[in-house]
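In what follows, a structure is listed as structure tokens, so that the remarks can point back to it.
The values are calculated or read from the model by the stated rules, or taken from the named source; none is laboratory data. This is a predicted model, so every value here is computed, not measured. Cβ placement follows ideal geometry from the backbone for every residue including glycine, while neighbour counts extend to all protein chains displayed.
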Amino acid sequence: MTKPDLVPSVSVVATLIVDGTDLEVRLSALEKLGAFSGTVRVPLAHVVAVRVTNEPYAELKGMRVGTGIPWVIVLGRMIYPGGKDFVAIYGTGRTVVVDLAPSEAYRRILVSTDDARIAEEIAARIDRRA
């Protein structure tokens, strides 16, 4: 898929936070409605890998349960054979992709960010485990 040239800028509200030994996706009240979900929290011990992509829509697979307007917003779950992902993507910019252990409810978490340092912080935490 290619993105259209005239995509409105949307501010990022969902936030990835390292909280003690957990990784948390904090959503605003409106995001929780749009995603049909509350806060997502997983132990850092269950994070397998983390990376940043500038093409978040290339990462999506399956059927969305939640809110979506192509190249503007995707909130909720992407369900596909073999798993599901939690997504909070705004626009077409930088997105953190977190791969999770098979024992977790989600296979991946994808969250748009203006600051990719959170990916570095998560990566540093999981590297210390090794």
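The residues of the range 62-85 that are of a type in the set (D, E, K, R) and either surrounded by 18 or more Cβ atoms within 10 Å (Cβ to Cβ) or under 13 Å from the mean Cα position of the chain (by Cα) (or both), listed by number, are Arg77, Lys84, Asp85. Checked against (1) on the phi < 0 side of the Ramachandran plot; (2) in contact with a helix residue (DSSP H, G or I) (Cβ under 7 Å, 6 or more places away or on another chain), Asp127 meets all criteria but (2).
Return only the number of the condition from (1) hydrophobic (A, V, I, L, M, F, W, C); (2) out of contact with any helix residue (DSSP H, G or I) (no Cβ under 8 Å at 6 or more places or on another chain); (3) modelled with pLDDT under 90 that Met63 does not satisfy. Here Met63 meets the rest and fails (3).
Note on the range 61-130: enclosed strands (runs of 3 or more DSSP E) holding 1 or more residues that are aromatic (Phe, Trp, Tyr) and either more than 16 Å from Leu16 (Cβ to Cβ) or free of Cβ contacts under 8 Å to residues at least 24 places away in the same chain (or both) are 73-80.
Every test in (1) surrounded by fewer than 17 Cβ atoms within 10 Å (Cβ to Cβ); (2) out of contact with any Phe, Trp or Tyr (no Cβ under 9 Å at 6 or more places or on another chain) is passed by Ala105 save one, and that test is (2).
Note on the range 27-51: residues that are closer than 16 Å to Ile118 by Cβ and crowded, with 16+ Cβ neighbours inside 10 Å amount to 6. Within the range 93-118, the set of residues being more than 8 Å from the chain's Cα centre (by Cα), closer than 21 Å to Ala35 by Cβ and of a type outside the set (D, E, K, R) comprises Gly93, Leu100, Ala105, Tyr106, Thr113, Ile118.
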